[in-house]
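Enquirer: Take a look at the following structure, please.
The values are calculated or read from the model by the stated rules, or taken from the named source; none is laboratory data. Keep in mind that this is a model prediction, so the values were computed, not measured. Cβ coordinates were reconstructed from backbone atoms using ideal geometry, including for glycine residues, and neighbour counts include every protein chain displayed. We work out accessible area using only protein heavy atoms, side chains counted, and drop any ligands, DNA or RNA first. Shrake-Rupley method; radii C 1.70, N 1.55, O 1.52, S 1.80 Å.
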Amino acid sequence: GAVVSQHPSWVICKSGTSVKIECRSLDFQATTMFWYRQFPKQSLMLMATSNEGSKATYEQGVEKDKFLINHASLTLSTLTVTSAHPEDSSFYICSARDGSVLAGGGYEQYFGPGTRLTVT
Amino acid sequence: AQTVTQSQPEMSVQEAETVTLSCTYDTSESDYYLFWYKQPPSRQMILVIRQEAYKQQNATENRFSVNFQKAAKSFSLKISDSQLGDAAMYFCAYRRGYGGATNKLIFGTGTLLAVQP
């Protein structure tokens, strides 16, 4: 099946610094990528949807200037957490849609393994 | 707006037994997909099963099957012959079926399944 990778798998950064998380589709072209945030023992919260070559669409309540998303190619999307603070500590998951179409018109969506961010 | 509800925060099952996880959803649309995802301790999201709303037949994948009741907006997951590796958080999810590439997955709050040896 299709594989989505994330790098790094975990990162610790100091408060006030920025950190970049990469999401790559390894064996397919991803026209659309999704970024989620997950707190311990909670569900996934969609932060934003990005399409290759265009600006990301952010969910209500997500600060677009704090969480910068760049979908520069069909295989790479990046999430940059700017001026990170301890409350930004969380598990960040990306997901990518491939170009195939399922019966009924839908599509497959594949998830990366996640990145654990700790801000000290 | 669409919503997904999982009313069982935690469930437990004995190894080799059968367990059913509940999910209800609310939508006014007729074209949609429903999913069950498994998130083990590694936190990698794994697709367990998918159901297209236009299909009356319930989806099955080996030991996993669903009971899709469209009129009741219910979508339960049955795990037969439970194995220790089935222990995980299970999320029910909804996605609109039409309208383009950016349709979003809407997740329930999850059910934490423990499997007792």
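Enquirer: Quick one: which of B:A16, B:A53 is open to solvent by 30 Å² or more (accessible area, probe 1.4 Å) and of a type outside the set (S, T, Y)? Give the derivation first.
Expert: Numbers: B:A53 fails: open to solvent by 30 Å² or more (accessible area, probe 1.4 Å).
When all the criteria are applied, what remains is B:A16.
Enquirer: Restricting attention to the stretch A:10-46, which residues are of a type in the set (S, T, N, Q) and open to solvent by 70 Å² or more (accessible area, probe 1.4 Å)? It would help to see each step written out before you state the result.
Expert: First pass over the stretch A:10-46, keeping only residues of a type in the set (S, T, N, Q): A:15, A:17-18, A:25, A:29, A:31-32, A:38, A:42-43.
Within the stretch A:10-46, A:S18, A:Q29, A:Q42 meet the criteria.
Enquirer: Can I ask one more? What are the pairs, 6+ residues apart or on separate chains, where a residue within the stretch B:10-26 that is in contact (Cβ under 8 Å) with a residue 24 or more places away in the chain and over 11 Å from B:S74 (Cα atoms) has its Cβ under 7 Å from a residue that is surrounded by 13 or more Cβ atoms within 10 Å (Cβ to Cβ) and among the basic types (K, R)?
Expert: Close Cβ pairs (under 7 Å, with a partner that is surrounded by 13 or more Cβ atoms within 10 Å (Cβ to Cβ) and among the basic types (K, R)) amount to B:T18/B:K78; B:T20/B:K78.
Enquirer: Just to be sure before I move on: is B:T3 surrounded by fewer than 15 Cβ atoms within 10 Å (Cβ to Cβ), out of contact with any helix residue (DSSP H, G or I) (no Cβ under 8 Å at 6 or more places or on another chain) and within 25 Å of A:Q60 (Cα to Cα) in the structure I sent? Spell out the reasoning first.
Expert: Working: surrounded by fewer than 15 Cβ atoms within 10 Å (Cβ to Cβ): yes; out of contact with any helix residue (DSSP H, G or I) (no Cβ under 8 Å at 6 or more places or on another chain): yes; within 25 Å of A:Q60 (Cα to Cα): yes.
Considered against the rule, which asks whether it is surrounded by fewer than 15 Cβ atoms within 10 Å (Cβ to Cβ), out of contact with any helix residue (DSSP H, G or I) (no Cβ under 8 Å at 6 or more places or on another chain) and within 25 Å of A:Q60 (Cα to Cα), B:T3 comes out as yes.
Enquirer: Name, by its number, the condition in (1) away from every other protein chain (no Cβ under 14 Å); (2) modelled with pLDDT of 95 or more that does not hold for B:T27.
Expert: B:T27 satisfies every listed condition except (2).
Enquirer: Pick from A:V81, A:V62: which is over 18 Å from A:V4 (Cα atoms) and touching a helix residue (DSSP H, G or I) at 6+ places or on another chain (Cβ under 7 Å)?
Expert: Values: A:V62 fails: touching a helix residue (DSSP H, G or I) at 6+ places or on another chain (Cβ under 7 Å).
A:V81 is the lone residue from the list that is over 18 Å from A:V4 (Cα atoms) and touching a helix residue (DSSP H, G or I) at 6+ places or on another chain (Cβ under 7 Å).
Enquirer: Where in the stretch B:15-117 are there strands (runs of 3 or more DSSP E), lying fully within it, with 2 or more residues that are among the aliphatic types (A, V, I, L, M) and more than 21 Å from A:D98 (Cα to Cα)?
Expert: Details: elements: B:19-21, B:24-26, B:32-39, B:46-52, B:64-69, B:74-79, B:88-96, B:105-107, B:111-116.
Answer list for the stretch B:15-117: B:19-21, B:74-79, B:88-96, B:111-116.
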